[in-house]
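A.B. asks: Below are the structure tokens for one structure; questions will follow.
Derivation of every value follows stated rules applied to the coordinates shown; laboratory data play no part. This is a predicted model, so every value here is computed, not measured. A quick note on method: Cβ atoms are made from the backbone with ideal geometry, for glycine too, and the neighbour counts reach across all protein chains shown.
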Ligand code: SF4
């Protein structure tokens, strides 16, 4: 039987076939965050035990305070969301990466760097960016509170098997184009519903050459293509990344595991329901102009006009995007003024991202009037960056250097206080530019870490290639 | 346990935009309005219905914007939302569905839905009803004009309006069964506890490195 990588992992995890394309799937790792409070409350109200506490892991990443100096010790008691998670961890016996744990961080970053996310596993979390972890060759998906309760109570999830799609990326990324520019370009071409109903396998020479960090950045935004799942076949890069991680197998278990992981590939001749090919050689630094990630252009381009053939709904969305962003069709993106620059999130705040941004900043200063912040993807990333002196580079340039968490990504950091003010323009290394996401009335422009650093220096959106 | 969905009779409110994301439906940091601060809606604020579409619905001072359909008197009490493609994209926040339900919406008609949003709808007894963009536009025009009565009959998989139009809609048999009966998925899955336990036992044998932790299975 020839099969796709996705199908192989899926089929291994079917506990019951429920008919009509639905399966009861076993969940190997259930990650929960501080937005899971309702789900835990429901579980407790129904007096249901947590079925597999040893397969449940938690971090209060969304609401933790991050825009504070790193020497600040987060209060263990002043954040009700974190307190709630801690009480539930004690009650049910699951592992909590607490806000003052040295391994705390954004749950998708923590799951990877701790070696909790392994090839061939199923990973679920009440957060749509769980697809990030597909980069290790796992089936990882996001879901809502009701599905969280279901997993807590049964360690399984009722899921409809999606069709599979392969996105094959040929060529090589040019200098100054990053994995973020690649995935934004792809979303711009396919649209925010381009892969709805599909599990996407990213493959091809560019993916094979990509680092694990780049693969995380790419899979992170599979959901911005409409796909719940993004997956990349595990290879030597994956094994090298996982080797020695705290929760990864070791010794003879490692050898057994690697032997199994070698089989986790799409077989020659396997059929995908859809295929898309692109060449990465012409990818240019991207910046979003609108209110969804498909509204992206290359930095030297301008806000596009209304497309021909837009129906009433599409046109209404386009007009709403222009009105909200305060930009006109034809406005060149290079030169749009900036109020806040944020480097953070599960998309783009790993060590390599911070190195790339710091390299642009070296010896330069943030423009007057710009507030710039870094929140590393995890506390481990923060320590590693500090060991290399990256924090000094950021601080000397005029950036704030904070603790790890979701921070300004979704406007929930420090219990919804880490947000911009109405009208402010935020250049952000995050993954969503939705209306009001970083605070009511704020406008978000998604970019790569080097582009964010350059914008902070220039005080406007600028082409990083002219700054480095 | 959700309320069974059989026949829905009511008014429809049009909001024809594509790609309406769940941050828009259920704003994380909602516009502060009189008497309340900002809340993160996923935890269930006390004003689910008021916060729905908060960033589109209110002006900078928190005043309701009269042009926004949900603020218009003629659409008050509507139970069907007519909207654009890829409705509910973005964040998995189930509060998007809770807010729609709190406002009174029981059925969302759109050319397509984001997958997590659709799953959240079913979990709360709401019907995401797919039909072509042309049809949604036509229904919206009728809803704006004569404000006809809409009927969604899940047993027959038909949407009809009092002006005479009837449209058949597709839905998976599995989802339809769940909505019609108002089933509790958790109760049903707990009946499979022995299958789940033997799955774990089998997998621990064949791929032990995935389950290095001391098990604490409870049934
Ligand atoms: S960093 Fe942003 S996208 Fe990632 S989990 Fe946190 S809020 Fe979601």
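A.B. asks: Cα centroids of the range A:28-50 and the range B:161-219: how far apart, whole angstrom?
C.D. replies: Their Cα centres are 17 Å away from one another.
A.B. asks: Ok, one more. Gap in Å between the Cα centre of the range A:203-267 and the Cα centre of the range A:167-185?
C.D. replies: The two parts, judged by their Cα centres, are 18 Å apart.
A.B. asks: Indicate, rounded to the nearest 5 percent, the antiparallel portion of the DSSP beta bridges found entirely in the range A:5-274.
C.D. replies: 25 percent
A.B. asks: What is the packing order of peptides A:220-232, A:390-402, taking the mean over residues of other C-beta atoms within 10 Å and listing the highest first?
C.D. replies: A:220-232, A:390-402
A.B. asks: Still on this structure, please answer the following. Once you average over the residues of B:203-211, how many Cβ atoms of partner chains fall within 10 Å of each Cβ?
C.D. replies: 6
A.B. asks: For the range B:7-179, what does the convex hull of the Cα positions come to per residue, in cubic angstrom?
C.D. replies: It comes to 103 Å³ per residue, whole-number rounded.
A.B. asks: Do you know the relative contact order of chain A, to the nearest whole percent, from alpha carbon pairs under 8 angstrom that are 6+ apart?
C.D. replies: Here the relative contact order equals 18 percent.
A.B. asks: Which FRET efficiency, nearest 0.05, do residue A:45 and residue B:197 yield, Cβ-Cβ r, R0 30 Å?
C.D. replies: Efficiency, rounded to the nearest 0.05: 0.75.
A.B. asks: Peptide A:427-438: average number of partner chain Cβ atoms within 10 Å per residue?
C.D. replies: Neighbouring Cβ atoms belonging to other protein chains average 4 per residue here.
A.B. asks: Just order A:304-313, A:458-467, B:176-185, A:273-282 by mean Cβ neighbour count inside 10 Å, highest at the front, would you?
C.D. replies: Going from most to least packed, we get A:458-467, B:176-185, A:273-282, A:304-313.
A.B. asks: Moving on. Okay, helix-only estimate at 222 nm for chain A: each DSSP H run of n ≥ 4 adds -39500 (n - 2.57), divide by all residues, round to 500 deg cm²/dmol; what do you get?
C.D. replies: Rounded to the nearest 500, the figure is -9000 deg cm²/dmol.
A.B. asks: Which of the peptides A:106-117, A:58-69 is most tightly packed, and how do the rest follow, going by the mean number of other Cβ atoms within 10 Å of each residue?
C.D. replies: A:106-117, A:58-69
A.B. asks: Defining a contact as two alpha carbons under 8 Å apart and six or more residues distant in sequence, what relative contact order in percent does chain B show?
C.D. replies: Contact order relative to length: 24 percent.
A.B. asks: Run the simple label-point estimate for residue A:14 and residue A:163 please: 7 Å along Cα→C-beta, distance reported in nm.
C.D. replies: Result: 1.9 nm between the two label points.
A.B. asks: Something else about it: Looking at chain B as a GNM with Cα springs under 10 Å, which of B:130, B:69, B:60 has the largest mean-square fluctuation?
C.D. replies: Its mean-square fluctuation being the largest, the pick is B:60.
A.B. asks: Taking the Kirkwood radius as the inverse of the mean 1/r across Cα pairs, report the Rg/Rh of the protein assembly as shown.
C.D. replies: 0.94
A.B. asks: Return the calculated 222 nm mean residue ellipticity for chain B, to the nearest 500 deg cm²/dmol, obtained by summing -39500 (n - 2.57) across DSSP H runs with n ≥ 4 and dividing by the residue count.
C.D. replies: My calculation for chain B gives -9000 deg cm²/dmol from helical runs alone.
A.B. asks: Where both residues lie in the range A:1-97, what percent of DSSP beta bridges are antiparallel, nearest 5?
C.D. replies: About 35 percent, rounded to the nearest 5.
A.B. asks: Average partner chain C-beta neighbours within 10 Å, per residue of A:151-160?
C.D. replies: Neighbouring Cβ atoms belonging to other protein chains average 5 per residue here.
A.B. asks: Counting only DSSP beta bridges with both residues in the range B:81-219, what percent are antiparallel, rounded to the nearest 5?
C.D. replies: 50 percent
A.B. asks: At a threshold of 8 angstrom on Cα-Cα distance, excluding pairs fewer than six apart, so keeping six or more, what relative contact order does the range A:5-274 reach in percent?
C.D. replies: 22 percent
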